[in-house]
Amino acid sequence: MTSEVVVQLALGVGSSVITGAGVWLAQRVRATGRVRRLRRFLGLHGLVGGDCRLVIGDHFSQPGAVHRRDMAAMLELATVVRSAGARPEVLSAGQATAPSDDVEFSVAGVHANRRTEAHMRRYLPGLSMRNRDGVTVPDIVVGTTWYPVSDDAHHGIIARVCRPGRPHLFLVFGQTGISTVAMAAHFAAQLPALDRRFGAERTFCLVLRAHTPRAYGYSEVEELADVTEAVLSPSIPEVESETSA
């Protein structure tokens, strides 16, 4: 093998190594940037570490147990937390009463999770869940607008409350178990878009619709309204009319 061939081989190998290293470095930088943005959006500090509490509701017919769909929603959110380099801690509403400086996700609606109900009353007073006569599944109510459940639509909420000097609080729930899963899956899938839209320090509350969940499960979800301004105002005691969004 001539010296010229050796030089050419060395140059080829060197070029490949440099190219490969450049690709790896670019991927690493992009990955680090994604994690940093995700951590800022969730309210986590630094590049790694931290805890997120996932407060989950009780099974409606088995106190002390967790509904399988609430568990599925929790797993969606736990995956988000782990991808941000944080540790998910799963608690019941009763276990979550101790003071904490952790970011919190409150999963499941007010009938299953009393912590969701407390957070709504305190931080989102214009948002509630109410039962109409003869209807077992509660409507989501924002001001004077009612979002009732139907065969074609189950509604849900994705909200982030940014509290000065305190960790972010997230509410993720639906009118039914399957719509709670739909909200969690949509939240996980739309994180980059939510970050671009709301940044790291802006409270938001969105109403979403899961289309025909008996046919599509939790895969068909659309946003109906950004109701942030309405839910931050005190709720109206008597709703005069019911509106299906």
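Counting only helices (runs of 4 or more DSSP H) wholly contained in the range 172-234, the ones carrying 1 or more residues that are among the charged types (D, E, K, R) and loosely packed, with under 14 Cβ neighbours inside 10 Å occupy 191-198, 213-216, 228-231. Could you please find all residues in the range 142-156 being closer than 13 Å to His211 by Cβ and modelled with pLDDT of 85 or more? Those that are closer than 13 Å to His211 by Cβ and modelled with pLDDT of 85 or more: Val149, Ser150, Asp152, Ala153, His154, His155, Gly156.
Scanning the range 69-84 for residues that are of a type in the set (D, E, K, R), farther than 20 Å from Pro192 by Cβ and open to solvent by 70 Å² or more (accessible area, probe 1.4 Å) turns up just one, Arg69.
Let's see how each residue does on (1) out of contact with any strand residue (DSSP E or B) (no Cβ under 7 Å at 6 or more places or on another chain); (2) within 14 Å of Pro234 (Cα to Cα); (3) among the polar types (S, T, N, Q); (4) at pLDDT 90 or above:
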site	(1), (2), (3), (4)
Arg121	yes, yes, no, yes
Asn131	yes, no, yes, no
Gly134	yes, no, no, no
Val137	yes, no, no, no
Ile140	no, no, no, yes
Ile158	no, no, no, yes
Cys162	yes, no, no, yes
Arg166	yes, no, no, no
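Candidates in the range 98-121 are the residues that are in contact with a Pro (Cβ under 8 Å, 6 or more places away or on another chain) and of a type in the set (Val, Ile, Thr); of these, the one that is most open to solvent (accessible area, probe 1.4 Å) is Val110. Restricting Pro99, Pro164 to those that are closer than 23 Å to Gly199 by Cβ and without any contact (Cβ under 8 Å) to a residue 12 or more places away in the chain reduces the list to Pro164.
Of all residues in the range 83-97, exactly one satisfies the criterion of being modelled with pLDDT under 80 and either in contact with a Pro (Cβ under 8 Å, 6 or more places away or on another chain) or not small (Gly, Ala, Ser) (or both), namely Thr97.
Looking across Ile140, Ile157, one residue alone is free of Cβ contacts under 8 Å to residues at least 60 places away in the same chain, among the hydrophobic types (A, V, I, L, M, F, W, C), surrounded by 21 or more Cβ atoms within 10 Å (Cβ to Cβ) and assigned to a strand (DSSP E or B). It is Ile157.
The values are calculated or read from the model by the stated rules, or taken from the named source; none is laboratory data. All of these numbers come straight from a predicted model, not from anything done at the bench. No Cβ is skipped: glycine too gets one built from the backbone with ideal geometry, and neighbour counts run over all protein chains shown. All accessible areas refer to the heavy atoms of the entire protein, side chains included, with ligands and DNA or RNA removed. Shrake-Rupley method; radii C 1.70, N 1.55, O 1.52, S 1.80 Å.
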